Amino acid sequence: MRCDRVWSKARLATFAVDRSGIGAIEDGVVAARGGRIVYAGPAADAPTFEARETIDCASRWITPGLIDPHTHLVFGGDRAHEFELRLAGASYEAIARAGGGIVSTMKATRAASRADLVAAALPRLDALIAEGLTTLEIKSGYGLSLDDELKSLRAARALADVRDVSVTTTFLGAHALPPEFAGDPDGYVDLVCREMIPAVAAEGLADAVDAFCEGIGFTPAQTRRVFEAAHAHGLPVKLHAEQLSNLNGAALAAEFGALSADHLEHLDAAGIAAMAKAGTVAVLLPGAFYFVRETRLPPIEALRAAGVPMALATDCNPGTSPLTSLLLTMNMAATLFRMTVDECLAGVTREAARAIGRLESVGTLEVGKACDLAVWDIERPAELVYRMGFNPLHARVWKGEIA
Ligand code: DI6
Ligand code: FE
(Lines give C-alpha, C1' and ligand atoms only; values in the text may rest on other atoms or scores of the structure.)
(Ligands and ions follow the chains in the order given, each with its own letter.)
Protein backbone atom coordinates (compact mmCIF):
# COMPACT_ATOMS: atom_id res chain seq x y z
CA MET A 1 0.00 0.00 0.00
CA ARG A 2 1.38 3.42 -0.98
CA CYS A 3 1.25 6.04 1.72
CA ASP A 4 2.98 9.15 3.00
CA ARG A 5 3.92 8.17 6.51
CA VAL A 6 3.76 5.12 8.76
CA TRP A 7 3.95 4.96 12.56
CA SER A 8 5.09 1.46 13.50
CA LYS A 9 5.85 -0.45 16.70
CA ALA A 10 3.20 1.52 18.54
CA ARG A 11 0.59 0.64 21.10
CA LEU A 12 -2.73 2.00 19.91
CA ALA A 13 -5.81 3.21 21.75
CA THR A 14 -8.07 3.35 18.71
CA PHE A 15 -11.43 4.13 20.35
CA ALA A 16 -12.84 2.42 17.26
CA VAL A 17 -16.61 2.45 17.39
CA ASP A 18 -16.83 -1.34 16.98
CA ARG A 19 -14.28 -2.19 19.69
CA SER A 20 -14.82 -2.31 23.43
CA GLY A 21 -13.05 -0.08 25.97
CA ILE A 22 -10.32 2.02 24.44
CA GLY A 23 -9.81 -0.39 21.55
CA ALA A 24 -6.26 -1.23 22.60
CA ILE A 25 -3.82 -2.87 20.17
CA GLU A 26 -0.47 -3.97 21.59
CA ASP A 27 1.63 -4.12 18.41
CA GLY A 28 -0.01 -1.57 16.16
CA VAL A 29 0.59 0.46 13.03
CA VAL A 30 -0.97 3.66 11.70
CA ALA A 31 -0.51 4.73 8.09
CA ALA A 32 -1.52 8.05 6.53
CA ARG A 33 -2.00 9.21 2.99
CA GLY A 34 -3.25 12.62 1.93
CA GLY A 35 -3.79 13.54 5.57
CA ARG A 36 -6.10 10.63 6.27
CA ILE A 37 -5.71 7.30 7.99
CA VAL A 38 -5.40 4.47 5.46
CA TYR A 39 -4.58 1.80 8.04
CA ALA A 40 -4.82 1.61 11.83
CA GLY A 41 -4.61 -1.81 13.39
CA PRO A 42 -2.41 -4.76 14.36
CA ALA A 43 0.97 -5.05 12.67
CA ALA A 44 0.16 -8.69 12.03
CA ASP A 45 -2.77 -7.76 9.75
CA ALA A 46 -1.11 -4.79 8.06
CA PRO A 47 -0.39 -4.73 4.32
CA THR A 48 3.12 -3.99 3.11
CA PHE A 49 3.59 -0.23 3.01
CA GLU A 50 5.59 1.85 0.58
CA ALA A 51 6.01 5.01 2.62
CA ARG A 52 8.01 8.22 2.29
CA GLU A 53 8.78 8.01 5.99
CA THR A 54 8.42 5.32 8.65
CA ILE A 55 8.55 6.29 12.30
CA ASP A 56 9.50 3.70 14.90
CA CYS A 57 7.38 4.54 17.94
CA ALA A 58 9.40 2.30 20.29
CA SER A 59 6.22 0.98 21.98
CA ARG A 60 4.88 4.45 22.76
CA TRP A 61 1.12 4.77 22.93
CA ILE A 62 -0.82 6.54 20.17
CA THR A 63 -4.27 7.97 20.82
CA PRO A 64 -6.42 10.08 18.52
CA GLY A 65 -5.47 13.75 18.81
CA LEU A 66 -7.35 15.19 21.77
CA ILE A 67 -10.56 17.17 21.22
CA ASP A 68 -11.95 19.91 23.45
CA PRO A 69 -15.67 20.09 22.62
CA HIS A 70 -16.63 23.14 24.74
CA THR A 71 -14.49 26.25 25.06
CA HIS A 72 -14.99 30.00 25.22
CA LEU A 73 -11.41 30.52 24.10
CA VAL A 74 -11.96 33.90 22.41
CA PHE A 75 -12.43 36.80 24.83
CA GLY A 76 -10.81 40.04 25.90
CA GLY A 77 -9.34 40.81 29.31
CA ASP A 78 -9.36 38.51 32.31
CA ARG A 79 -11.22 38.17 35.57
CA ALA A 80 -8.44 37.67 38.09
CA HIS A 81 -9.90 40.49 40.16
CA GLU A 82 -13.28 38.76 40.41
CA PHE A 83 -11.42 35.64 41.49
CA GLU A 84 -10.07 37.66 44.39
CA LEU A 85 -13.59 38.90 45.20
CA ARG A 86 -14.85 35.33 45.22
CA LEU A 87 -12.02 34.31 47.52
CA ALA A 88 -13.19 37.11 49.83
CA GLY A 89 -16.67 35.59 49.91
CA ALA A 90 -18.68 37.01 46.98
CA SER A 91 -20.66 34.43 44.99
CA TYR A 92 -20.46 34.04 41.20
CA GLU A 93 -24.12 34.94 40.89
CA ALA A 94 -23.77 38.02 43.12
CA ILE A 95 -20.83 39.28 41.04
CA ALA A 96 -22.81 38.70 37.84
CA ARG A 97 -25.88 40.52 39.18
CA ALA A 98 -23.65 43.46 40.20
CA GLY A 99 -22.56 43.98 36.58
CA GLY A 100 -19.39 41.92 36.75
CA GLY A 101 -19.16 38.43 35.38
CA ILE A 102 -19.88 37.86 31.74
CA VAL A 103 -20.66 41.55 31.17
CA SER A 104 -17.20 42.65 32.31
CA THR A 105 -15.67 40.28 29.75
CA MET A 106 -18.13 41.61 27.18
CA LYS A 107 -16.74 45.13 27.65
CA ALA A 108 -13.16 43.96 27.14
CA THR A 109 -14.19 41.86 24.14
CA ARG A 110 -16.03 44.76 22.50
CA ALA A 111 -12.97 46.98 23.00
CA ALA A 112 -10.70 44.45 21.29
CA SER A 113 -10.09 44.14 17.55
CA ARG A 114 -10.29 40.78 15.83
CA ALA A 115 -6.49 40.67 15.78
CA ASP A 116 -6.42 41.49 19.51
CA LEU A 117 -8.79 38.59 20.18
CA VAL A 118 -6.66 36.19 18.15
CA ALA A 119 -3.53 37.33 19.98
CA ALA A 120 -5.22 36.94 23.37
CA ALA A 121 -6.52 33.45 22.55
CA LEU A 122 -3.26 32.09 21.12
CA PRO A 123 -1.46 31.38 24.43
CA ARG A 124 -4.55 29.50 25.62
CA LEU A 125 -4.71 27.54 22.38
CA ASP A 126 -1.00 26.79 22.54
CA ALA A 127 -1.39 25.37 26.04
CA LEU A 128 -4.07 22.97 24.77
CA ILE A 129 -2.02 22.06 21.70
CA ALA A 130 1.02 21.30 23.85
CA GLU A 131 -0.97 18.41 25.33
CA GLY A 132 -1.86 16.82 22.01
CA LEU A 133 -5.05 18.68 21.10
CA THR A 134 -5.88 18.64 17.39
CA THR A 135 -9.53 19.82 17.32
CA LEU A 136 -11.51 22.22 19.49
CA GLU A 137 -14.85 23.93 19.57
CA ILE A 138 -14.88 27.68 20.25
CA LYS A 139 -17.99 29.63 21.21
CA SER A 140 -18.77 33.29 20.76
CA GLY A 141 -20.85 34.91 23.47
CA TYR A 142 -18.74 37.73 24.84
CA GLY A 143 -19.60 40.22 22.10
CA LEU A 144 -23.38 40.29 22.56
CA SER A 145 -23.92 42.66 19.63
CA LEU A 146 -24.13 41.69 15.98
CA ASP A 147 -20.73 43.13 15.06
CA ASP A 148 -18.94 41.90 18.16
CA GLU A 149 -20.34 38.38 17.85
CA LEU A 150 -19.29 38.23 14.18
CA LYS A 151 -15.86 39.55 15.16
CA SER A 152 -15.50 36.84 17.82
CA LEU A 153 -16.50 34.05 15.43
CA ARG A 154 -14.10 35.35 12.79
CA ALA A 155 -11.34 35.43 15.39
CA ALA A 156 -12.14 31.82 16.32
CA ARG A 157 -11.96 30.77 12.67
CA ALA A 158 -8.74 32.76 12.20
CA LEU A 159 -7.01 30.71 14.90
CA ALA A 160 -7.08 27.76 12.49
CA ASP A 161 -5.07 29.83 9.99
CA VAL A 162 -2.20 30.37 12.40
CA ARG A 163 -2.02 26.98 14.11
CA ASP A 164 -2.20 23.36 12.92
CA VAL A 165 -5.55 22.65 14.50
CA SER A 166 -9.17 22.09 13.45
CA VAL A 167 -11.70 24.56 14.85
CA THR A 168 -15.47 24.28 15.01
CA THR A 169 -17.36 27.40 15.99
CA THR A 170 -20.57 27.80 17.96
CA PHE A 171 -22.68 30.95 18.07
CA LEU A 172 -23.59 31.72 21.69
CA GLY A 173 -25.30 35.08 21.32
CA ALA A 174 -27.76 34.04 24.05
CA HIS A 175 -25.02 33.88 26.67
CA ALA A 176 -25.90 36.95 28.75
CA LEU A 177 -28.04 40.05 28.51
CA PRO A 178 -26.01 43.03 27.29
CA PRO A 179 -26.61 46.20 29.37
CA GLU A 180 -28.32 48.05 26.52
CA PHE A 181 -31.15 45.48 26.76
CA ALA A 182 -31.48 45.63 30.56
CA GLY A 183 -35.08 44.79 31.46
CA ASP A 184 -35.82 43.59 27.93
CA PRO A 185 -34.45 40.08 27.52
CA ASP A 186 -37.08 39.24 24.91
CA GLY A 187 -35.95 42.22 22.87
CA TYR A 188 -32.41 40.86 22.94
CA VAL A 189 -33.62 37.38 21.99
CA ASP A 190 -35.42 39.02 19.04
CA LEU A 191 -32.06 40.47 17.95
CA VAL A 192 -30.36 37.08 18.36
CA CYS A 193 -33.04 35.28 16.34
CA ARG A 194 -33.88 37.85 13.67
CA GLU A 195 -30.50 39.43 12.98
CA MET A 196 -27.59 37.59 14.52
CA ILE A 197 -28.43 33.99 13.59
CA PRO A 198 -29.32 34.90 9.99
CA ALA A 199 -26.08 36.90 9.62
CA VAL A 200 -23.94 34.18 11.17
CA ALA A 201 -25.57 31.54 8.96
CA ALA A 202 -25.25 33.65 5.82
CA GLU A 203 -21.51 34.02 6.36
CA GLY A 204 -21.09 30.37 7.34
CA LEU A 205 -19.43 31.49 10.56
CA ALA A 206 -20.90 28.90 12.93
CA ASP A 207 -21.25 25.13 12.97
CA ALA A 208 -23.82 25.17 15.79
CA VAL A 209 -25.87 27.45 18.03
CA ASP A 210 -25.75 27.37 21.84
CA ALA A 211 -27.54 29.23 24.66
CA PHE A 212 -27.17 29.64 28.42
CA CYS A 213 -30.48 28.39 29.83
CA GLU A 214 -30.32 29.49 33.47
CA GLY A 215 -31.78 31.85 36.04
CA ILE A 216 -28.94 34.30 35.31
CA GLY A 217 -29.15 33.49 31.59
CA PHE A 218 -32.20 32.82 29.42
CA THR A 219 -35.49 31.07 30.13
CA PRO A 220 -36.55 27.83 28.46
CA ALA A 221 -39.08 29.78 26.37
CA GLN A 222 -36.35 32.14 25.15
CA THR A 223 -34.02 29.21 24.53
CA ARG A 224 -36.71 27.53 22.45
CA ARG A 225 -36.93 30.60 20.22
CA VAL A 226 -33.15 30.56 19.74
CA PHE A 227 -33.30 26.87 18.81
CA GLU A 228 -36.13 27.44 16.34
CA ALA A 229 -34.15 30.20 14.65
CA ALA A 230 -31.06 27.96 14.52
CA HIS A 231 -33.00 25.13 12.90
CA ALA A 232 -34.64 27.54 10.46
CA HIS A 233 -31.10 28.35 9.30
CA GLY A 234 -29.95 24.75 9.16
CA LEU A 235 -27.76 24.89 12.27
CA PRO A 236 -27.66 22.17 14.95
CA VAL A 237 -27.96 23.20 18.58
CA LYS A 238 -26.19 22.66 21.91
CA LEU A 239 -27.09 23.95 25.36
CA HIS A 240 -25.57 25.10 28.64
CA ALA A 241 -28.12 23.26 30.75
CA GLU A 242 -28.73 22.52 34.42
CA GLN A 243 -25.49 24.12 35.61
CA LEU A 244 -26.83 26.11 38.59
CA SER A 245 -30.46 24.95 38.70
CA ASN A 246 -32.84 22.58 36.93
CA LEU A 247 -34.87 24.36 34.24
CA ASN A 248 -35.36 21.17 32.18
CA GLY A 249 -32.98 22.56 29.59
CA ALA A 250 -31.50 19.18 28.69
CA ALA A 251 -34.94 17.82 27.77
CA LEU A 252 -35.55 20.93 25.67
CA ALA A 253 -32.21 20.43 23.95
CA ALA A 254 -33.03 16.77 23.31
CA GLU A 255 -36.36 17.79 21.79
CA PHE A 256 -34.34 19.72 19.20
CA GLY A 257 -31.99 16.79 18.61
CA ALA A 258 -29.14 18.73 20.21
CA LEU A 259 -25.58 17.56 19.62
CA SER A 260 -24.92 18.01 23.32
CA ALA A 261 -26.19 19.34 26.62
CA ASP A 262 -23.37 20.65 28.78
CA HIS A 263 -22.66 21.04 32.55
CA LEU A 264 -25.71 19.06 33.87
CA GLU A 265 -25.02 19.12 37.63
CA HIS A 266 -28.76 19.59 38.26
CA LEU A 267 -29.96 17.15 35.58
CA ASP A 268 -32.88 14.90 36.61
CA ALA A 269 -34.13 11.49 35.47
CA ALA A 270 -36.50 12.92 32.86
CA GLY A 271 -33.66 14.92 31.32
CA ILE A 272 -31.43 11.84 31.22
CA ALA A 273 -34.14 9.78 29.52
CA ALA A 274 -34.73 12.51 26.94
CA MET A 275 -31.00 12.78 26.18
CA ALA A 276 -30.66 9.00 25.85
CA LYS A 277 -33.55 8.85 23.41
CA ALA A 278 -32.25 11.74 21.29
CA GLY A 279 -28.60 10.62 21.31
CA THR A 280 -27.60 13.96 22.84
CA VAL A 281 -24.09 13.83 24.31
CA ALA A 282 -23.53 14.89 27.93
CA VAL A 283 -20.54 17.25 27.97
CA LEU A 284 -19.20 17.33 31.51
CA LEU A 285 -17.08 20.25 32.69
CA PRO A 286 -15.21 19.35 35.85
CA GLY A 287 -13.06 22.48 35.65
CA ALA A 288 -16.11 24.70 36.15
CA PHE A 289 -17.40 22.39 38.87
CA TYR A 290 -14.08 22.72 40.68
CA PHE A 291 -13.59 26.43 40.11
CA VAL A 292 -17.01 27.53 41.40
CA ARG A 293 -16.77 24.97 44.25
CA GLU A 294 -19.97 23.29 43.12
CA THR A 295 -20.99 20.52 45.49
CA ARG A 296 -23.74 18.87 43.49
CA LEU A 297 -22.30 16.21 41.21
CA PRO A 298 -23.64 15.58 37.72
CA PRO A 299 -25.58 12.26 37.75
CA ILE A 300 -22.76 10.21 36.23
CA GLU A 301 -24.04 6.80 37.26
CA ALA A 302 -27.50 7.46 35.89
CA LEU A 303 -26.06 8.83 32.62
CA ARG A 304 -23.89 5.72 32.36
CA ALA A 305 -26.81 3.42 33.09
CA ALA A 306 -28.96 5.15 30.47
CA GLY A 307 -26.20 4.85 27.85
CA VAL A 308 -25.87 8.61 27.35
CA PRO A 309 -22.47 9.28 25.72
CA MET A 310 -20.23 11.34 28.01
CA ALA A 311 -17.65 13.82 26.75
CA LEU A 312 -15.28 16.05 28.71
CA ALA A 313 -14.24 19.63 28.01
CA THR A 314 -12.28 22.42 29.62
CA ASP A 315 -15.09 25.04 29.32
CA CYS A 316 -12.09 27.40 29.08
CA ASN A 317 -13.55 30.79 30.01
CA PRO A 318 -12.46 33.71 32.20
CA GLY A 319 -15.25 33.47 34.77
CA THR A 320 -15.85 29.89 35.82
CA SER A 321 -13.12 27.74 34.28
CA PRO A 322 -9.83 29.42 33.37
CA LEU A 323 -8.53 25.98 32.41
CA THR A 324 -6.38 25.11 29.42
CA SER A 325 -5.49 21.48 30.11
CA LEU A 326 -7.41 18.44 28.90
CA LEU A 327 -5.06 16.20 30.89
CA LEU A 328 -6.05 17.96 34.12
CA THR A 329 -9.69 17.93 32.99
CA MET A 330 -9.50 14.12 32.80
CA ASN A 331 -7.91 13.91 36.23
CA MET A 332 -10.69 16.06 37.67
CA ALA A 333 -13.38 13.98 35.96
CA ALA A 334 -11.92 10.82 37.47
CA THR A 335 -11.31 12.26 40.92
CA LEU A 336 -14.32 14.53 41.33
CA PHE A 337 -16.89 12.74 39.14
CA ARG A 338 -15.59 9.16 39.57
CA MET A 339 -15.48 8.55 35.87
CA THR A 340 -13.35 5.59 34.81
CA VAL A 341 -10.05 5.97 32.97
CA ASP A 342 -11.63 4.59 29.81
CA GLU A 343 -14.54 7.02 30.08
CA CYS A 344 -12.18 9.95 30.57
CA LEU A 345 -10.06 9.02 27.57
CA ALA A 346 -13.10 8.42 25.35
CA GLY A 347 -14.48 11.73 26.66
CA VAL A 348 -11.67 13.77 25.07
CA THR A 349 -11.54 11.72 21.85
CA ARG A 350 -14.46 9.76 20.42
CA GLU A 351 -17.23 11.25 22.56
CA ALA A 352 -15.84 14.77 22.18
CA ALA A 353 -15.98 14.30 18.42
CA ARG A 354 -19.58 13.16 18.73
CA ALA A 355 -20.43 16.21 20.86
CA ILE A 356 -19.32 18.58 18.09
CA GLY A 357 -20.89 16.58 15.27
CA ARG A 358 -17.52 15.52 13.83
CA LEU A 359 -17.42 11.81 14.60
CA GLU A 360 -17.34 11.00 10.89
CA SER A 361 -13.99 12.79 10.49
CA VAL A 362 -12.07 12.76 13.82
CA GLY A 363 -12.00 11.21 17.30
CA THR A 364 -10.91 7.63 16.60
CA LEU A 365 -8.08 5.82 14.82
CA GLU A 366 -10.11 4.45 11.92
CA VAL A 367 -9.61 4.32 8.17
CA GLY A 368 -10.90 7.40 6.37
CA LYS A 369 -10.59 9.78 9.31
CA ALA A 370 -8.14 12.65 9.57
CA CYS A 371 -4.75 11.33 10.70
CA ASP A 372 -4.75 13.38 13.92
CA LEU A 373 -2.58 11.62 16.49
CA ALA A 374 -1.08 12.14 19.91
CA VAL A 375 2.00 10.02 20.64
CA TRP A 376 2.68 9.58 24.35
CA ASP A 377 5.69 8.60 26.45
CA ILE A 378 3.68 6.39 28.79
CA GLU A 379 3.49 2.74 29.79
CA ARG A 380 -0.27 2.63 30.26
CA PRO A 381 -3.12 4.90 29.19
CA ALA A 382 -4.18 5.47 32.82
CA GLU A 383 -1.10 7.71 33.21
CA LEU A 384 -2.83 10.35 31.08
CA VAL A 385 -5.57 10.57 33.70
CA TYR A 386 -3.59 9.84 36.84
CA ARG A 387 -0.88 12.48 36.80
CA MET A 388 -1.48 16.14 37.60
CA GLY A 389 0.48 18.90 35.89
CA PHE A 390 2.73 16.56 33.94
CA ASN A 391 2.67 16.35 30.17
CA PRO A 392 4.02 13.15 28.60
CA LEU A 393 3.30 14.16 24.99
CA HIS A 394 6.02 12.92 22.65
CA ALA A 395 4.62 14.11 19.31
CA ARG A 396 1.47 15.58 17.81
CA VAL A 397 0.26 14.83 14.30
CA TRP A 398 -2.37 16.91 12.52
CA LYS A 399 -3.75 15.72 9.19
CA GLY A 400 -0.86 13.33 8.75
CA GLU A 401 1.84 15.94 9.31
CA ILE A 402 4.05 16.04 12.39
CA ALA A 403 3.06 19.35 13.97
N1 DI6 B 1 -21.68 29.02 31.87
C2 DI6 B 1 -20.45 29.15 32.35
O3 DI6 B 1 -19.96 28.49 33.21
C4 DI6 B 1 -19.79 30.20 31.62
N5 DI6 B 1 -20.78 30.59 30.68
C6 DI6 B 1 -21.85 29.88 30.86
O7 DI6 B 1 -22.84 30.00 30.16
C8 DI6 B 1 -19.37 31.35 32.45
C9 DI6 B 1 -18.86 32.45 31.62
C10 DI6 B 1 -18.29 33.60 32.40
O11 DI6 B 1 -18.47 33.74 33.63
O12 DI6 B 1 -17.63 34.43 31.76
FE1 FE C 1 -19.44 27.12 28.85
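The values are calculated or read from the model by the stated rules, or taken from the named source; none is laboratory data. From a predicted model like this one, the values you see are computed outputs, not experimental measurements. Because the Cβ atoms are built from the backbone with ideal geometry, glycine has one as well, and the counts that use them run over all protein chains shown.
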Check whether at least one residue in the range 247-269 is within 20 Å of the chain's Cα centre (by Cα), away from ligand 2 (no atom under 16 Å from the Cβ) and surrounded by fewer than 17 Cβ atoms within 10 Å (Cβ to Cβ), and report yes or no.
yes
Go over the candidates Ala282, Ala270, Ala276, Ala230 one by one and state the one that is modelled with pLDDT of 95 or more and under 24 Å from Leu205 (Cβ atoms).
Ala230
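Conditions tested, residue by residue: (1) within 16 Å of ligand 2 (Cβ to nearest atom); (2) within 23 Å of Ala250 (Cβ to Cβ); (3) surrounded by 21 or more Cβ atoms within 10 Å (Cβ to Cβ); (4) under 18 Å from the mean Cα position of the chain (by Cα).
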{"site": "Val292", "(1), (2), (3), (4)": "yes, yes, no, no"}
{"site": "Thr295", "(1), (2), (3), (4)": "no, yes, no, no"}
{"site": "Val308", "(1), (2), (3), (4)": "no, yes, yes, yes"}
{"site": "Leu323", "(1), (2), (3), (4)": "yes, yes, yes, yes"}
{"site": "Glu360", "(1), (2), (3), (4)": "no, no, no, yes"}
{"site": "Trp376", "(1), (2), (3), (4)": "no, no, yes, no"}
{"site": "Pro381", "(1), (2), (3), (4)": "no, no, no, no"}
{"site": "Asn391", "(1), (2), (3), (4)": "no, no, no, no"}
Hey, can you tell me all the residues within the range 308-343 that are in contact (Cβ under 8 Å) with a residue 12 or more places away in the chain and of a type in the set (S, T, N, Q)?
Thr314, Asn317, Thr320, Ser321, Thr324, Ser325, Thr329, Asn331
Of everything in the range 58-117, what is among the small types (Gly, Ala, Ser) and either under 22 Å from the mean Cα position of the chain (by Cα) or within 30 Å of Val375 (Cβ to Cβ) (or both)? Give them in sequence order.
Ala58, Ser59, Gly65, Gly76, Gly77, Gly101
What are the residue pairs meeting all of these: first residue in the range 180-193, first residue surrounded by 13 or more Cβ atoms within 10 Å (Cβ to Cβ), second residue among the basic types (Lys, Arg), Cβ atoms under 8 Å, and 6 or more apart or on different chains?
Val189/Arg225; Cys193/Arg225
Just need a number here: residues in the range 301-335 that are assigned to a strand (DSSP E or B), closer than 18 Å to His266 by Cβ and of a type in the set (Gly, Ala, Ser).
1
Which listed residue is of a type in the set (Lys, Arg) and touching a Pro at 6+ places or on another chain (Cβ under 7 Å), from Arg338, Arg354, Arg358:
Arg354
Looking at the range 220-239, which of its residues are assigned to a strand (DSSP E or B) and closer than 20 Å to Asp268 by Cα?
Lys238, Leu239
Candidates Val38, Val17, Val29 - the one that is more than 16 Å from ligand 1 (Cβ to nearest atom), at pLDDT below 95 and at negative phi:
Val17
I want to confirm something. Restricting to the range 87-102 and keeping residues that are within 11 Å of ligand 1 (Cβ to nearest atom) and outside any loop (DSSP other than H, G, I, E, B), which single residue is nearest to Lys238 (Cα to Cα)?
Ile102
Exactly one of Ala346, Ala305 is touching a residue at least 40 places away in the same chain (Cβ under 8 Å) and farther than 26 Å from His175 by Cα, and that one is Ala346
Among the residues of the range 192-205, are any farther than 30 Å from Gly35 by Cβ and within 16 Å of ligand 1 (Cβ to nearest atom)?
yes
Name every residue in the range 83-102 that is within 16 Å of ligand 2 (Cβ to nearest atom) and under 15 Å from Arg293 (Cβ atoms), in order of residue number.
Tyr92, Glu93
Quick test for you: out of Leu303, Leu252, pick the one residue that is of a type outside the set (Lys, Arg), modelled with pLDDT of 95 or more and either over 21 Å from Thr340 (Cβ atoms) or within 12 Å of ligand 1 (Cβ to nearest atom) (or both).
Leu252
Looking only at the range 48-81, count how many residues are of a type in the set (D, E, K, R), more than 16 Å from ligand 2 (Cβ to nearest atom) and closer than 28 Å to Leu312 by Cα.
2
